[in-house]
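Okay, so here's the structure we're looking at.
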Amino acid sequence: MLVSHQHKFIFVKTRKTAGSSVQASLERHMGPNDIVTLMGSSFIPGYKPRRYKWLLDRVPGEAKTRIEHAAAIDLKVWLEEKWPSIWSDYLTFTIERNPWDKMVSEYWWRKSWPPNKVGEFDDWLIKRSVVIGHSTDMYTDNDGKLMVDQVIQWKTLQFSYDLLCKDLGLPSNVLPRIKAKPRTKDEEKRHYSLYYTDETRDFVATRFGSLIDMWGYEFEDKR
């Protein structure tokens, strides 16, 4: 998550959408009074978290552990305690991704955690996958209304990031791969639909119905 007073933007960071790549790239343009959160266990040369402890002091209980991926509805409240018009004055944006594709990415991320006890994709998806941080609740209010100015689509991430930087008056860059978990070359080339049975395809369609409806995502079947 980023809050830039210098360039007047707020980045709401969703999960498994290359948010860390965008955050690391924009961090280099952040000023000393801007808010830059830690990014999990990743070590990124030159990356400098700052002022996030100020925000942590205002965050209640268990939410402190989720500050990197704070939802817009919470972040707005916390920030407006000090800057009442910040949400309307700054450009707010986030990133979103097709949930069928996103769940495959999440699976490989979880699979990289030692000890590796994730098991097969179907079993993990049905029994252990979570919606928190993966659905529209990250950037909508309690009525489902969008709370951010821009939702960048992961599929066109580099192109959209270039346009974002232009809007912010910042130089763009080729986005680095951060937190992307290594797969074999065959797995890298494997289309996300090949992980799914009809049952698990429908499971994601039901679990992420609001996300699919909002952005018109479809299951691109290449099985």
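No lab work stands behind these numbers, since they all come straight from the coordinates. All of these numbers come straight from a predicted model, not from anything done at the bench. Positions of Cβ are backbone-derived with ideal geometry, glycine not excepted, and every protein chain shown enters the neighbour counts.
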> Residues with amide H under 5 Å of Ala70's amide H, sequence separation 5 or more or different chain, H placed in the peptide plane at 1.01 Å from N; which?
Replying inline: Lys13
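Counting Lys and Arg as +1 and Asp and Glu as -1, each charge on the Cβ, what is the dipole of the chain about the Cα centre in debye, to the nearest 20?
Details: 35 positive and 31 negative charges, 204 e Å.
Magnitude of the dipole: close to 980 debye.
So how much slack lies between Asp167 and Lys189, counting 0.36 nm per residue of separation and subtracting their Cα-Cα distance, in nm? Don't jump to the answer; show the numbers that get you there.
On the way: separation 22, 0.36 × 22 = 7.92 nm, distance 3.35 nm.
Gain in length upon complete extension: 4.6 nm.
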> Taking R0 as 45 Å, what's the FRET efficiency between Asp123 and Gln153 from their Cβ-Cβ distance, rounded to 0.05?
Replying inline: 0.95
> How far, in degrees from 0 to 90, does helix 157-168 lean away from the longest principal axis of the Cα atoms of the chain, to the nearest 10?
Replying inline: 10 degrees
> How big is the charge dipole of segment 65-115 about its Cα centre, in debye rounded to the nearest 20, if each Lys and Arg gets +1 on its Cβ and each Asp and Glu gets -1 on its Cβ?
Replying inline: 280 debye
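So what is Rg over Rh here for segment 2-215, counting just Cα atoms and using Kirkwood for Rh?
Numbers: Rg = 17.5 Å, Rh = 18.3 Å.
My calculation of the ratio gives 0.96.
Okay, helix-only estimate at 222 nm for the chain: each DSSP H run of n ≥ 4 adds -39500 (n - 2.57), divide by all residues, round to 500 deg cm²/dmol; what do you get?
Details: 10 runs with 81 residues, N = 223.
Helix contribution divided over all residues of the chain: -10000 deg cm²/dmol.
Given Cα pairs under 8 Å that are at least 6 residues apart, what percent is the relative contact order of the chain? Mind showing how you got there, number by number?
Numbers: 274 pairs, mean separation 54.5, N = 223.
Reported as a whole number, the value is 24 percent.
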>> Can you give me the long-range amide H partners of Glu96? Hydrogens built in the peptide plane at 1.01 Å from N, cutoff under 5 Å, separation of 5 or more residues or another chain.
In response: Ile152, Gln153, Trp154
> Say we join alpha carbon atoms closer than 10 Å with springs in a Gaussian network model of the chain; which of Asp186, Asp137, Asp57 then has the biggest fluctuation?
Replying inline: Asp186
>> Just to check I understand the Karplus step: with θ = phi - 60° and J = 6.51 cos²θ - 1.76 cosθ + 1.60, what whole-Hz values come out for segment 191-200, glycine and proline as x?
In response: 5, 4, 5, 6, 7, 9, 8, 4, 5, 6
> Antiparallel as a % of all DSSP beta bridges within segment 2-215, to the nearest 5?
Replying inline: 50 percent
